[in-house]
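Below is one structure, written out as structure tokens, with a few remarks after it.
What follows draws every value from the coordinates through simple rules; no lab data is involved. What you see is a predicted model, and the numbers here were worked out from it, not measured in a lab. So basically every Cβ, Gly included, is an ideal-geometry build from the backbone, and we count neighbours across all protein chains shown.
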Amino acid sequence: MKIFDAHCDVLLKLWRGSSLTFNNTNHLQVSYPALKQVGAKVQCFAVFVPDDLIGDARFQAALEMIELFHSKIIKPYPDIKKVTSREEIDDLKDHEIGAILTLEGCGPIANDLVRLQTLVNLGIRSVGLTWNYANDLADGVLEERSAGLSNLGREAVRYLHEERIWTDVSHLTECGFWDVLERTDFVIASHSNVKALCEHPRNLNDNQLRALIQKDAAIGITFVPYFLSEQHSVTISSVLRHIDYIAALGGVHNIGFGSDFDGISKTVKGLDSYFGYERLINELLKHFPEELVRGFCYENFNQRVPF
Ligand SMILES: [Zn+2]
């Protein structure tokens with residue numbers, strides 16, 4: 001079963017731990033051995049610069065992570081290919097894995113769209129405007145002001161639309177969410193779940209889910225345990241509940257996955273690393289026709305690649 005995973009934070013771990021290699025299955029939830037064993041086809045790698053860096057150090061860190069993407073993930077493993085277009089994904093041979101660079105939060109660009117354009121030129125193909133707090137473009141879900149997009153944020157989304165780059169609404173306030181949907185046709189939620197099932201500010205309410213479905217956007221269900229359930233111990237069956245819910249809203253062909261592996265320390269029982277996809281797929285096949293499972297795992301994101 002091919003897998004398209006719309007979000008992981010392994011670049012942050014590689015950036016923090018300079019001696020780590022992408023082979024390290026002890027310290028990394030997404031690793032080369034896991035991708036190979038489980039059947040990864042496309043993996044998104046987020047550039048996420050932590051909020052404790054300030055000023056120009058933020059853009060510098062983003063560039064360093066892109067450098068690590070090339071030196072630690074692409075260069076040492078000839079069967080992992082950096083992909084930036086539909087054509088390059090279609091050209092992947094059976095044993096090859098496509099790697100897409102994404103940006104989680106535009107903090108690193110500060111108020112300079114040339115920096116965003118530079119990151120797109122370097123291969124970034126999905127852009128989340130914020131992490132959890134405010135920046136020059138928009139407010140994130142934990143910013144109490146809870147505003148939408150600034151003029152600069154609006155300009156950024158228009159630019160991304162023109163370039164056919166995904167704008168990622170995960171982490172954005174609801175107000176910002178609607179601002180984005182008005183301004184681009186190329187939108188995803190890379191790693192967010194259903195608010196009606198788990199009341200967390202990072203999750204999407206029914207109106208948002210319906211709007212994404214109407215917009216023909218892919219929605220990446222994420223394996224963050226506290227976005228899946230308020231229960232203490234969270235199992236794979238929780239993931240299936242979120243799938244059932246979005247399917248009932250009419251979004252069965254919009255559902256995908258954005259694991260958030262390497263961005264989480266607590267994990268779902270049985271889904272504690274990329275290897276867990278094998279268990280998840282077995283469970284999915286017990287509950288859904290194979291055709292739908294192929295959609296969840298790969299096709300629903302893959303078919304919507306606009307770039
Ligand atoms: Zn995130």
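Among Trp166, Leu181, Leu12, which residue has its Cα positioned farthest towards the positive end of the charge dipole of the chain, with +1 placed on the Cβ of Lys and Arg, -1 on the Cβ of Asp and Glu, and the dipole taken about the Cα centre?
Looking along the dipole axis, the top candidate is Leu12.
Connecting C-alpha atoms closer than 10 Å in a GNM of the chain, tell me which of Gly251, Gly107, Gly270 has the biggest fluctuation.
The residue with the greatest mean-square fluctuation here is Gly270.
Neighbour counts of other C-beta atoms within 10 Å: give me Tyr77, Tyr274 arranged from fewest to most.
Arranged by neighbour count, lowest to highest, Tyr77, Tyr274 become Tyr77, Tyr274.
In debye, nearest 20, what is the charge dipole magnitude of the stretch 52-95 about its Cα centre with +1 on Lys and Arg Cβ and -1 on Asp and Glu Cβ, if you could check?
With only Lys, Arg, Asp and Glu charged at Cβ, the dipole is about 100 debye.
Is it possible to state the helix-based mean residue ellipticity at 222 nm for the chain, with each DSSP H run of 4+ residues giving -39500 (n - 2.57), the sum divided by total residues, to the nearest 500 deg cm²/dmol? What is it?
That calculation yields -9500 deg cm²/dmol at 222 nm.
Just grab the label-to-label distance for Tyr133 and Tyr226, each label 7 Å out from Cα along the Cβ direction, in nm (one decimal).
It works out to 1.7 nm between the two label points.
Name the most mobile residue of Leu14, Leu181, Leu249, meaning the one with the largest mean-square fluctuation, in a Gaussian network model of the chain with Cα contacts below 10 Å.
Of Leu14, Leu181, Leu249, the Gaussian network model singles out Leu249 as fluctuating most.
Classify the chain from the C-alpha gyration tensor, please: rounded if a/c falls under 1.5, else prolate or oblate depending on whether a/b exceeds b/c.
Rounded.
Got a sec? Charge dipole of the stretch 3-302, +1 on Cβ for Lys and Arg, -1 for Asp and Glu; which of Ser259, Ser146, Thr118 is way out at the positive end?
So the residue furthest toward the plus end is Ser259.
Please list, in chain and number order, the residues 5+ apart from Gly220 or on another chain whose amide H is under 5 Å from its amide H, with Hs placed from the backbone.
Under 5 Å from the amide H of Gly220: Ala189, Ser190, His191, Ser192, Gly256.
Based only on other Cβ atoms within 10 Å, what is the fewest-to-most ordering of Tyr277, Tyr32?
If I rank by nearby Cβ atoms, fewest first, I get Tyr32, Tyr277.
Could you sort the peptides 51-62, 184-195 by per-residue average Cβ neighbour count (10 Å cutoff), highest mean leading?
Ranked from most to least packed, the peptides come out as 184-195, 51-62.
I want to check the label-to-label distance for Leu142 and Arg210. Put each point 7 Å from Cα in the C-beta direction and report it in nm to one decimal.
3.1 nm
In what order do Thr118, Thr84 fall by count of nearby beta-carbon atoms within 10 Å, going from fewest to most?
Thr118, Thr84
Can you tell me the relative contact order of the stretch 3-302? Whole percent, Cα pairs under 8 Å, sequence separation 6 or more.
18 percent
Count the DSSP beta bridges whose two residues both fall in the chain, then state the antiparallel fraction as a percent rounded to the nearest 5.
Among the beta bridges of the chain, antiparallel pairing accounts for roughly 10 percent.
To the nearest 0.05, how large is the calculated FRET efficiency for Gln37 and Asp90 if R₀ is 30 Å and r is the Cβ-Cβ distance?
Working from the Cβ atoms, E equals 0.80.
So how much slack lies between Ser233 and Thr118, counting 0.36 nm per residue of separation and subtracting their Cα-Cα distance, in nm?
Additional length available on full extension: 37.1 nm.
In the stretch 139-218, which GluC sites (Glu not before Pro) fall in coil by DSSP and have 13 or fewer other Cβ atoms within 10 Å?
Filter output for the stretch 139-218: Glu144, Glu199.
Given a cut-off of under 8 Å on Cα pairs at least six residues apart, what relative contact order in percent is computed for the stretch 158-307?
22 percent
Contact order normalised by length for the stretch 16-80, with contacts defined as Cα pairs under 8 Å and 6 or more residues apart; what percent is it?
This gives 24 percent for the stretch 16-80.
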